[in-house]
Structures are given as structure tokens and as C-alpha cells.
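Working notes for the structure below.
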């Protein structure tokens with residue numbers, strides 16, 4: 001276990017991140033407060049700590065084949081978007097921390113987040129079944145060679161869970177429209193990237209947006225306008241090198257790999273997602289956003305949902321590593337390795353959370 005206390009580790013990480021990009025102190029303070037509120041938001045906000053502790057808690061998993069992984073993978077890192085055909089697609093929707101990691105890292109982090117979500121009452125399933133569901137879905141995805149989740153005619157149960165939040169589009173737009181217009185200046189690179197993704201010459205205003213947990217503190221702007229009687233929005237969020245490279249410096253070139261992950265994955269791409277320099281730009285809409293667990297139907301199939309998350313993780317990993325190599329390694333690890341590793345990381349996270357409430 002890393003001897004550095006969580007509050008000191010956070011200070012060092014934020015100092016490192018601040019050398020790459022400007023940080024917004026008020027948003028960092030909000031993030032720190034959210035991290036005190038519960039272990040699940042703490043987990044979501046501290047991938048940098050995971051990158052420090054996971055190799056020490058689960059050293060036997062560091063020998064697994066490397067993939068271009070999500071890094072900060074968790075159960076609320078999934079959402080929907082429209083592909084070039086206008087079809088509703090479900091999958092991982094945030095690659096801010098993408099990096100080269102052992103494939104086991106993404107699986108353990110996803111499963112640990114499921115265990116924490118169960119403890120918080122967000123998922124109705126046992127921890128053991130959750131672990132088995134993630135691993136079964138991952139195995140199935142690898143063996144099938146991957147396949148995106150197009151919700152137009154398949155995946156009925158998943159579609160019902162994914163579209164629950166679409167019943168209140170007015171609420172979505174009300175929150176965006178209520179954002180105060182930016183008083184300062186939007187960075188030229190962000191403004192240019194947003195304009196390229198908007199209909200030509202559309203009148204719009206720009207606001208500072210506060211969203212998520214892990215990325216709080218980074219500059220994030222949203223352009224809001226009206227087209228043919230309806231609202232439209234485009235967001236630009238500043239990117240940085242993955243926190244994995246802060247915790248575990250290496251010889252591999254340090255670069256932002258967001259676009260690489262999108263291009264390599266088995267995926268129906270969102271035509272409204274673009275990486276422009278150090279900015280990720282995307283369309284925001286009720287059908288194109290992250291799915292919060294609180295928006296799931298009261299009666300949801302957690303087993304199927306977690307299995308789908310495991311499969312989607314395979315969709316990403318198959319972009320950089322052949323299925324046979326990963327399956328051969330999986331076959332050496334037995335049946336309960338993922339559950340035990342996730343439980344160990346949950347305990348490590350809980351201890352860090354308790355320390356954060358004291359010292360953070």
C-alpha cells in the first residue's frame with residue numbers, strides 16, 4: 001500500500017495536473033466536498049489514487065497483457081448517443097483517463113464500482129453475482145469478437161433501462177438553459193472547436209458547466225442555442241494526460257489517447273464527438289449523455305446491465321489486443337479472482353475515504 005496519505009496524494013496530483021492545464025479552484029472545492037459525501041462519489045473522483053494503490057493491493061494482476069484501457073472505468077461511465085444513422089447506441093462514454101494498462105485494471109475497477117453502488121442501494125444484486133456478471137459479459141464479448149450495443153431492435157431490457165431518463169427532456173434542457181452566461185472569456189481553442197460542431201452561423205451563448213466528479217476542476221464550457229424552435233448544445237471539456245502516468249511514470253510517450261480509444265474500439269461512433277487539440281467536444285442532449293444509476297427504473301435487471309458493461313469493456317480492449325491473448329491469460333486466473341480483487345480494492349477505497357473525511 002502506498003504510504004502517502006490520501007490528502008497528501010491529492011495535493012500532489014492536483015499540483016501535477018495544474019502544471020498541464022489551468023484548474024478552477026471553486027470546482028475543485030466542490031469535488032472535495034462530494035468526495036466526503038459518500039464512498040461511491042469518492043471512488044469516482046479518485047482515479048489517481050486507484051493508479052497508486054491498485055498495483056500494490058493486486059500485484060498479481062499487473063502481469064496481465066496490456067490494453068489501451070479506459071482507466072477510470074466505473075458503472076456511471078456509460079451512456080447513450082446517436083450514430084451516423086441516427087440509431088440510439090449505448091456504451092462507455094468517457095475516455096478522459098484512457099491509458100495503457102493491464103486489462104485486469106479496467107475489470108477490477110468496474111467491478112469494485114458495482115460493489116460500492118450495491119452498498120449505496122443503486123444496484124439490486126449481490127456482490128458475488130455482480131462480479132460473475134461482469135466477467136461473464138467480458139468473456140462473451142471477447143469470444144464474439146465484440147459487437148456494439150445498437151438499441152434500435154436488439155437489447156430490449158437494456159434499452160428500457162437506458163431510455164428511462166428520456167421521459168423528461170424538459171428537465172434536461174431546463175438545467176442547461178438555467179446556466180448563467182460566462183462572464184469571462186472562453187479560450188480561443190475551445191470556442192473554435194465548439195463552432196466547428198455547431199450549425200453554421202448559429203447564434204449561441206457560452207456558459208461554464210459543472211458536471212461529473214472525476215473531471216471537476218477542469219475547464220468545461222457549453223454553447224447553448226436554438227435551432228428551428230428547439231434547443232441545441234455543444235460542450236468542450238479540457239483534456240490532460242492520464243493520471244495513471246502521474247502515479248506510474250514510464251518510458252512510453254506521454255500523450256492524450258482519447259481519440260485513439262474511440263478509433264480502435266469495436267464501436268458505432270458518435271459523429272458529434274471530436275478531439276480538437278486538448279479539448280473534447282460533443283453534442284449534449286437527453287439522448288446523448290451519461291446515465292446515472294439513480295435514473296434506472298425501480299425494477300431493473302442489474303445482472304444483464306453489468307454483463308453488458310463487461311461486454312462493452314471487451315469492445316474497447318479488442319481495439320488494441322487480440323482476444324486469444326486475453327482469453328489465454330483469463331484461463332489461468334480461476335473463477336473468483338475478479339470478485340476477490342474487487343473486494344480488496346473496495347476495502348482500500350473505504351479506508352482512503354475514512355482518511356479523507358478526517359484530513360481532506
For this session: Looking only at the range 268-276, decide whether some residue is without any contact (Cβ under 8 Å) to a residue 60 or more places away in the chain and within 17 Å of the chain's Cα centre (by Cα).
Result: yes
Exercise. What do you reckon, is residue 192 more than 29 Å from residue 292 (Cβ to Cβ) and surrounded by fewer than 18 Cβ atoms within 10 Å (Cβ to Cβ)?
Worked result: yes
For this session: Might you check whether a residue that is under 18 Å from residue 345 (Cα atoms) and in contact with a helix residue (DSSP H, G or I) (Cβ under 6 Å, 6 or more places away or on another chain) occurs anywhere in the range 84-91?
Result: no
Seminar exercise, completed: Here the residues within the range 292-319 that are touching a helix residue (DSSP H, G or I) at 6+ places or on another chain (Cβ under 6 Å) and part of a loop (DSSP other than H, G, I, E, B) are 296, 297, 300, 301, 319
Exercise. What is the number of the single condition among (1) under 24 Å from the mean Cα position of the chain (by Cα); (2) over 21 Å from residue 173 (Cα atoms) that residue 222 does not meet?
Worked result: (2)
Problem set entry | Selection count, the range 10-38, where residues are in contact with a helix residue (DSSP H, G or I) (Cβ under 9 Å, 6 or more places away or on another chain), surrounded by fewer than 20 Cβ atoms within 10 Å (Cβ to Cβ) and in a helix (DSSP H, G or I) | 9
Problem set entry | Selected residue [more than 30 Å from residue 121 (Cβ to Cβ) and more than 19 Å from the chain's Cα centre (by Cα)] from 245, 227, 257 | 227
For this session: Can you run down the residue pairs with Cβ atoms below 9 Å, 6 or more apart or on separate chains, where the first is in the range 116-129 and under 14 Å from residue 307 (Cα atoms) and the partner is modelled with pLDDT of 95 or more and outside any helix (DSSP H, G or I)?
Result: 123/75; 128/336
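The values are calculated or read from the model by the stated rules, or taken from the named source; none is laboratory data. All figures in this text were calculated on a predicted structure; none of them were measured in a lab. As a convention, Cβ positions derive from the backbone with ideal geometry for all residues, glycine included, and neighbour counts pool all protein chains shown.
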